[in-house]
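The values are calculated or read from the model by the stated rules, or taken from the named source; none is laboratory data. Nothing here was measured: the structure is a model prediction, and the numbers come from that model. For neighbour counting, all protein chains shown are included, and Cβ atoms are generated from backbone atoms with ideal geometry for every residue, glycine included.
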Amino acid sequence: MIEVDISRAQSFLSDREFDKSFKKAEEAFKQVQKQQGEGAEWLGWRTLLAGPNDAILEQMGSLSDTIRADADVFVVCGIGGSYLGSRAVIEALSSFFGNSGPEILYAGQHMSGRYLRELISYLEEPDSEGEHKSVYLNVISKSGTTLETALSFRILRSWMKNRYENIKDRIICTTSAEGGALNKLIDEHNYQKFVIPEDVGGRFSVLTPVGLLPIAVAGIDIRSLFYEAVSKYEALENDPEPALAYAATRHAHYEQGKTIDLFTTFEPQLEAFCGWLQQLLGESEGKDLKGIFPAKATYSTDLHSLGQFVQEGSRTLMETFLCVRSMDKTLEVVEQEQDHDGLNYLAGRSFHDINSRAFEGTIAAHHEGGVPCIAVTMDQLNAQHLGELIYLYELMTAVYCYSLEVNPFNQPGVEFYKKEMYQLLGKK
Ligand code: PA5
């Protein structure tokens, strides 16, 4: 179960302010349901949950079994919505060190030549038995033309051609049904292909093959993730109140002049999830000179860098905490005969318990310092709860953006840097 506690954000709002935003959220939800809002042709992230395609889940499941049995490394090549979602789930549910199964690495998310050279050197290093590493590559690009992804794919493909006699089974392309340079390469080389539904935009695509294939290769149960999102979809269709109240709280704070929402967590495994949220909200709401800038931080690490600002800096911030109620692996503080470090008062307590007190202390202090705080708590960190959380945030984002009167599903501003860059690069 997921609990969204908005009480520490609502306390800064009058009933009138909240009710006004809640009414807007109700209207916005109707627009989503009736497909009447701007960008309604991009609501495929809902229809794929309303009518699940089990055959695709099966197909991804069986391909990922094959890859897991053979691969040492699985490279995910994509940027923005084409990798942030899978990375968020994989990092949340994997061990920090030494996972079983293929190592998941990323490429195409920037244009650092040094990174790519070092990645290739690493792929060239023999495995622990002195053999060539077995490498698979999943290139993910809906447009099939994104420069960061396409350049990295070109370099990695050439390396693979030199390394393996047959790369056809080692390259999996996830892209639109047709169009784009990637489809030309697929047709020419007969690479394996998964289709990104036309009506699903990048940042809403984690529950399509964009996110699900890499997540399955990481050994995570995609059926649990996906079907829990389906359950959340059904639950929120019947009772949208949790998503609407969340959207309304955020909207009312925007109206009050809040310009930054700091997404934070005391669980470093959720850092990449905060990155996914940053994109989901940032690209959806930041347009027409509107929106709250989504920032991210990891606590308690960043309490020692940003904590001062959050507590006492300019009061333009709101804060969203992602929490986990119980952790399966934790550690206890041991009692020592000589209490030289003065920590025996914590003996017998788990790190999770201490970390949870740090969260409680921080949210209380920041709230007292004038920061509206929202706490989103999962009972446990598992595929089910992440599936639930993904859909909750997708819906909340759409509802909140319609309340702001912006189209949640386009990203016209992203084109501006591309235009300038292509001109400097001399693209015809
Ligand atoms: O959310 C989005 O639409 C973007 O972040 C895209 O996912 C990103 O720009 C990558 O695009 P593409 O998948 O076409 O390479």
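Of the residues making up the stretch 305-364, those that are more than 26 Å from the chain's Cα centre (by Cα) and among the polar types (S, T, N, Q) are GLN308, GLN311, SER314, GLN336, GLN338, ASN344, SER350. Of the candidates LYS161, LYS142, LYS193, the single residue that is closer than 30 Å to LEU48 by Cα and free of Cβ contacts under 8 Å to residues at least 40 places away in the same chain is LYS193. For the stretch 379-404, the set of residues classified as among the charged types (D, E, K, R) and farther than 27 Å from SER143 by Cβ consists of ASP379, GLU388, listed by residue number.
Does any residue of the stretch 199-209 turn out to be on the phi < 0 side of the Ramachandran plot and away from the ligand (no atom under 16 Å from the Cβ)? Within the stretch 199-209, not a single residue is on the phi < 0 side of the Ramachandran plot and away from the ligand (no atom under 16 Å from the Cβ). Checked against (1) more than 16 Å from the ligand (Cβ to nearest atom); (2) over 22 Å from the mean Cα position of the chain (by Cα); (3) among the aliphatic types (A, V, I, L, M), LEU105 passes all but a single condition, namely (2). Scanning the stretch 138-154 for residues that are more than 6 Å from the ligand (Cβ to nearest atom), farther than 12 Å from LYS193 by Cα and either touching an Asp or Glu at 6+ places or on another chain (Cβ under 7 Å) or not small (Gly, Ala, Ser) (or both) gives THR145, LEU147, GLU148, LEU151, PHE153, ARG154. Checking the stated criteria, LEU424 turns out not to satisfy the condition of being modelled with pLDDT of 95 or more and within 16 Å of the chain's Cα centre (by Cα).
Does PRO408 count as surrounded by 21 or more Cβ atoms within 10 Å (Cβ to Cβ) and either outside any helix (DSSP H, G or I) or outside the structural domain of GLN31 (by the TED database) (or both)?
Yes; evaluated as a whole, the condition is true for this residue.
For residues that are small (Gly, Ala, Ser) and assigned to a loop (DSSP other than H, G, I, E, B), scanning just the stretch 69-90, find the one that is farthest from HIS385 (Cα to Cα). This residue is ALA71.
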